Amino acid sequence: MVFLKRNLPLLICFVGGLFFALTFYSPTKFSSYSRDMGSNAFNIISAIGTFFGILYVIVYNVDRVRKGDKGFGFSLILIVALFVTFVSALFSHGEYLTLEGQLSGIGWIFMYMYVPLQATMFSLLGFFIASAAYRAFRIKNYLSLILFLTATIVILGRIPFVNDLYKLVAGQHAIPLSEYVSWILQNPSMIAQRAIQIGITLGMVVVSIKTILGIDKSWLGKE
Amino acid sequence: MTALFLLCLLQNDFHVIDYPDDDGTKVIAVWNVNEIPCQYEVRIFNGQGESIGKVSFSSTNKEYLASAVKLPFWVFDKNSNKYAVALKVPNQGKYKVELTKNNKLVATADGEAVENFFDSKKLNNLIVVLGFLVLIIYFAWIAKRKELFIRKLAGLDALEEAIGRATEMGKPVVYQLGMMEIGEDPLASISLVASFGILGEVAHKVASYETPLLVPHRSPLNMVICQEITKEAYTRAGKPHLYKESSNFFVSPDQFAYVSKMEGIYMREKPATCIYMGYFFAESLVLAETAASVGAIQIAGTDALHQLPFFFAACDYTLIGEELYAAGAYLSREYSLLSSIKIHDYFRILVTAAILVATISISIIAVSDPQAAVNAKMLDVFKPF
């Protein structure tokens, strides 16, 4: 049992990790074929996993409806929506448009239900950015003052009207406000981003090597 | 006539070589640079004498100079006094190449395309990886013998307090692994692997305090892995009877369907602690702001650069980039894992030193001799090929 639960996955991880790492250093056709096969194998596993995931959602929500749990109405909506979408996709042969160029059933659901729902959720981000910015820009010390001033320049510099106003005040020959914004984004901001990126990349290499060598077994849980 | 052709051949030094480090689908035709402007055409023929490709260009076109070939200096001699034209071939084998100058045949040469087993272009990369390997083994050995100093990470030290608060309030701890599925994107999956390690430690603490744990998933594969990790963490804490299979639950693979479900959970359950460890996209701020509105303590860690500012703004503690990778080791305090944090630090020092040395030396050389070839060679060392 321990062999199946721990040793075998570790062995597969070591052999698979080493093999795919070696294919990176080998330009042969076999290497690229192996990488493609690995990717395809993953897609197959992922598809099977998604099937079981959806099955889990159906069983869980049917159970809630059957028991009449609090909020079971939402589960009912989910089951009906899942069924209607599935049937529409079957009748539409998975195509977005019919042969006449009209929206198919699944196309209609996608265009008039899925896209607006997605857009609604995404548009919440606008409000959350405002509330998060309000908290982030509170001036508590000199560092937050620097952040506030820099952010103000960047935000205002991105607005065409403010740029025009700046030209009127500072004169036509003055350096445009957008130039300051570009400088901030391409220099201090970029330096910080690159530093974090270098750290991230090194971290990735270390985690990968640790996982392949079996030093880090946390993905299997602890013994 | 034959003597004239041979003279041209000698003057041109026209020859065909295998394209280095490829899968046997390219050859390079190389010959001396001509000072007098002219029009060149290079034709390639297979074993049956059929033309399979041609390249035409003006001798003034610098794209076909050897110096413009995108290969490192240790693989290909980028002598700027030569032309180098890469020609595609269907597979490995022998080919004949003809060079015409102003529509007159001046040289022919035979060449062979060979499939190379080792990609020596990536030698610089291999050396760095081998360096990492040596350091990992060395520090794992050192860590067994003496305790390594690891600086404190406020976000992880606050974990105890955050879980304690949830226990006192009788509210759940929510742990989210981000939006990636294991293996979906090799690079982003690494943060997921790191997140599995942190989940193990969080679940262990949560089990010790007998606090409810919620781990939502957008991937069924992640869910199966996390179920196993959580179960083992509860067993390790001596509370296997408290483990609930439903603490890990599948939500939706769709980004905003996932978000809407999580917002619902936040508003109904009002969790006391929310932990975000992994790769996030636009949902990061929606999730974090909703959790902030219900008064949850929030600890985030991500290697998604574009989401870091959102977590900074909305969360109480944020682990930046590589701190996420160190978190599992930091919490577990296992010597073999702690050693990797040290390796990480030493390599960062090495990289910083390399950047400084290269920047200063390249700048000095560029000022003293702008034509110096050594600069291009030095840059090759740092480039990915």
* To do: Report, in cubic angstrom per residue, the convex hull volume of the C-alpha atoms of segment B:334-383.
  => 56
* Structure fact -> Dividing the mean separation of Cα pairs under 8 Å (6+ apart) by the residue count of chain B yields a relative contact order in percent of 15
* Using every alpha carbon pair in chain B, what percent of pairs falls into each 10 Å bin from 0 up to the bin containing the largest distance? -> 5, 17, 20, 15, 14, 13, 10, 5, 1, 0
* Asked: So if R0 is 25 Å, what FRET efficiency would B:Ala154 and A:Val154 give, r being the distance between their Cβ atoms, rounded to the nearest 0.05?
  -> 0.35
* Suppose every K and R has +1 on its Cβ and every D and E has -1 on its Cβ; what is the size of the dipole of chain B about the Cα centre, in Debye to the nearest 20? -> 420
* Spin-label point model (7 Å from Cα, Cβ direction): what's the B:Ile360 to A:Leu185 distance in nm? -> 3.4
* Structure fact -> Given unit charges at Cβ for Lys, Arg (+) and Asp, Glu (-), the dipole magnitude of segment B:2-118 about its Cα centre in debye, nearest 20, is 360
* To do: Might you report the magnitude of the Cβ-based charge dipole of the protein assembly as shown about its Cα centre, with Lys and Arg at +1 and Asp and Glu at -1, to the nearest 20 debye?
  => 960
* To do: Return B:Phe117, A:Phe42, B:Phe139 ranked ascending by Cβ neighbour count within 10 Å, so the fewest neighbours appear first.
  => B:Phe117, A:Phe42, B:Phe139
* Asked: Along segment B:46-56, what does the Karplus equation 6.51 cos²θ - 1.76 cosθ + 1.60 (θ = phi - 60°) give for ³J(HN,Hα), rounded to whole Hz, x for Gly and Pro?
  -> 7, x, 8, x, 8, 6, 10, x, 8, 9, 10
* To do: Pop a pseudo-label 7 angstrom from the Cα along the beta-carbon direction at both B:Lys146 and A:Val59 and give the gap in nm to one decimal.
  => 5.4
* Whole-Hz ³J(HN,Hα) from phi, Karplus 6.51 cos²θ - 1.76 cosθ + 1.60, for segment A:86-100, glycine and proline x -> 4, 5, 4, 5, 5, 5, 8, 6, x, 8, 6, 10, 7, 5, 7
* Structure fact -> Given backbone amide H placed at 1.01 Å from N, residues whose amide H is under 5 Å from that of A:Leu103, ignoring those fewer than 5 places away on the same chain, are A:Thr98
* Taking 0.36 nm per intervening residue step and subtracting the Cα-Cα distance, what contour gain separates B:Leu133 from B:Lys377 on full extension? -> 85.2 nm
* Asked: What is the order of A:Met1, A:Met190, fewest Cβ neighbours within 10 Å to most?
  -> A:Met1, A:Met190
* Put +1 on the Cβ of each Lys and Arg and -1 on the Cβ of each Asp and Glu in the protein assembly as shown; which of A:Leu213, B:Pro240, A:Leu177 then has its Cα farthest toward the positive end of the dipole? -> B:Pro240
* Asked: What's the exposure ranking of B:His241, B:His306, going from fewest to most Cβ atoms within 10 Å?
  -> B:His241, B:His306
* Which cross-chain or sequence-distant (5 or more) residues have an amide H under 5 Å from the amide H of B:Ala107, H modelled 1.01 Å from N in plane? -> B:Leu99
* Roughly what % of DSSP beta bridges within the protein assembly as shown run antiparallel, to the nearest 5? -> 65
* Structure fact -> Counting only residues 5 or more apart in sequence or on a different chain, those whose built amide H sits under 5 Å from that of B:Tyr276 are B:Gln176, B:Ile299, B:Ala300, B:Gly301
* Structure fact -> For the protein assembly as shown, the percent of all C-alpha pairs falling in each 10 Å bin, from 0 up to the bin holding the max distance, is 3, 12, 19, 20, 19, 15, 8, 3, 1, 0
* **Calculated P(r) tail over 28 Å for segment B:249-385, as whole % of Cα pairs** => 44
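Quick note: the coordinates plus some simple rules give every number you see, no bench work behind them. None of the values given here were measured: they were computed from a predicted structure. Methodologically, a virtual Cβ is constructed for each residue, glycine included, from the backbone with ideal geometry; neighbour enumeration extends over all protein chains shown.
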